[in-house]
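Data block below; observations after.
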Amino acid sequence: MDKPLTDQVALITGAGQGVGQGIAYGLAKRGVRIIAVGRTLEKCEGTIATIKERFGTDGAAIRCDIGVIADLDNLVTTAAKQFGRIDILVNNAVSAQITPLLDASIEEFELGLRDGPVASLKLMQLVQPHLVTAGGGNIINLASSAAMRWDSSNYGVYAAEKEAIRALTRAAANEWGGLGIRSNTILPLAQSPALAAWAKYRPEEAEAFMKTVPQQRIGDCEQDIGDFVATLCSPESRFVNGQSIALDGGQVNLG
């Protein structure tokens, strides 16, 4: 396999499982060195161990709760020292509150904002100078199609968090594009622990939801999400910037 990304370094939050892990695999198989970040160090270490076994690519695991904003400076400093550079930032780790607006907890909403748009913005700010030093790079932020649901009842709080991330991504694409930094958002639908938990919690809704996917299947975290992210970070995608891209088998029409 051609490896145009060889020796680049990717900092990925929530890389211990699910979509974040799939993105780590997709990038690692193309030669990217992965810094896997998550609340549970053992899971991130497992991701790195699998990467070394499958692809022979170097990597490191760092424990960090991204909701603790004060810890993010040290996270980026430690990550940059590990391999001497950062070329790719993937903001994947989030929390979710699915509930009617009248039942929404302000405390949980604030937590979701810290884990989502606040942490994403802070990491973008901290990583940006490293991307400039590297001569450019990629920021990949994760959002959701929750705000585009035909009925967004119960999803307003979660959608608000994700839409804020999309807005930040678009602004970064405009402000930093001239520096060689591309910023894009993906909206994935994949077989992850989070999706499995949601389907167990809301089985009837989940069954109806799955039937609306034109390709009649749910994406694979590595093959459908991770491999696409690797393509998005590759030279072949050099002119893709500021976009929101749904990776969902055709379910959502972004308009």
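The values are calculated or read from the model by the stated rules, or taken from the named source; none is laboratory data. Please read all numbers here as calculations on a predicted model, not as lab measurements. Virtual Cβ from ideal backbone geometry, glycine too; neighbours counted across all protein chains shown. The area values use the complete protein model at the heavy-atom level, side chains included, leaving out ligands, DNA and RNA. Shrake-Rupley method; radii C 1.70, N 1.55, O 1.52, S 1.80 Å.
Some notes on this structure:
- Every pair of residues 6+ apart whose Cβ atoms lie under 6 Å, when the first sits in the stretch 37-58 and is over 19 Å from Thr6 (Cβ atoms) while the second is outside any helix (DSSP H, G or I) and of a type in the set (D, E, K, R): Arg39/Asp65; Leu41/Arg63
- Residue check: Arg114 meets all listed conditions (1) more than 23 Å from Gly255 (Cα to Cα); (2) surrounded by fewer than 20 Cβ atoms within 10 Å (Cβ to Cβ); (3) touching a Leu at 6+ places or on another chain (Cβ under 8 Å) but one, namely (3).
- In this structure, Ile23 qualifies as within 23 Å of Pro117 (Cβ to Cβ) and crowded, with 24+ Cβ neighbours inside 10 Å.
- Restricting the search to strands (runs of 3 or more DSSP E) fully inside the stretch 1-107 and requiring at least 2 residues that are under 21 Å from Ser237 (Cβ atoms) gives 9-13, 33-38, 88-91.
- Selection count where residues are without any contact (Cβ under 8 Å) to a residue 40 or more places away in the chain and within 15 Å of the chain's Cα centre (by Cα), scope the stretch 230-255: 1
- Single residue of Ala206, Ala143, Ala199 found to be in contact with a helix residue (DSSP H, G or I) (Cβ under 9 Å, 6 or more places away or on another chain), without any contact (Cβ under 8 Å) to a residue 24 or more places away in the chain and open to solvent by less than 20 Å² (accessible area, probe 1.4 Å): Ala206
- Scanning the stretch 54-78 for residues that are open to solvent by less than 20 Å² (accessible area, probe 1.4 Å) and over 17 Å from the mean Cα position of the chain (by Cα) yields a total of 3.
- Residues of the stretch 31-53 that are under 18 Å from the mean Cα position of the chain (by Cα) and basic (Lys, Arg): Arg33, Arg39, Lys43.
- Tabulated pairs, the stretch 17-32, first under 21 Å from Arg63 (Cβ atoms), second polar (S, T, N, Q) and assigned to a helix (DSSP H, G or I), C-beta under 6 angstrom, 6+ apart or interchain: Gln21/Thr47; Ala24/Thr47
- Subset of the stretch 9-20 that is more than 8 Å from the chain's Cα centre (by Cα) and under 22 Å from Gly84 (Cβ atoms) - its residue that is surrounded by the most Cβ atoms within 10 Å (Cβ to Cβ): Ala15
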